[in-house]
């Protein structure tokens, strides 16, 4: 029997470039970052980061739908849309969406109202998709999480 189908999603606001002021961003957005790093800090092995970065990942269960992650992020940052657009003048501001599944068929849904974030912030919609694992089309499978 094949393993249960998994569908995992996440949404993160990323602000990166040279001279990222972590304290200013955290204060203006009233959010604590999930991750920060400075240019030159060690990454993996001998690799180093090529820029500073402030990142906030929505604290939702990854088994929740992608639409829920996008909505939760927009609810937290919409009130500072002008500030985020202003930051784009000197730093890169984007939303990183990640979707993982061990099932070859599937996809994500983002409702029109949740796409508003991309229009207001004037950023492209981008999605990282990883599909791997043992689940097969011909097997009977159990579903874990809906996306």
By residue number, the members of region 116-132 that are under 14 Å from the mean Cα position of the chain (by Cα), assigned to a helix (DSSP H, G or I) and touching a residue at least 24 places away in the same chain (Cβ under 8 Å) are 117
Region 29-63, residues that are under 22 Å from residue 74 (Cα atoms) and surrounded by 15 or more Cβ atoms within 10 Å (Cβ to Cβ):
29, 31, 33, 36, 53, 54, 55, 56, 57, 58, 60, 62
For region 116-147, how many residues meet the condition of being modelled with pLDDT of 80 or more and touching a strand residue (DSSP E or B) at 6+ places or on another chain (Cβ under 6 Å)?
6
Counting only residues in region 101-115 that are buried (at least 17 other Cβ atoms within 10 Å of the Cβ) and outside any strand (DSSP E or B), the one modelled with the lowest pLDDT is identified as 103
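This table checks each residue for (1) out of contact with any helix residue (DSSP H, G or I) (no Cβ under 7 Å at 6 or more places or on another chain); (2) in a loop (DSSP other than H, G, I, E, B).
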site	(1), (2)
64	yes, yes
71	no, no
74	no, no
81	no, no
94	yes, no
99	no, no
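The values are calculated or read from the model by the stated rules, or taken from the named source; none is laboratory data. Just so we're clear, the structure is a prediction, and the values are computed from it rather than from any experiment. Reconstructed Cβ throughout: ideal geometry from the backbone, glycine too, with neighbour counts over all protein chains shown.
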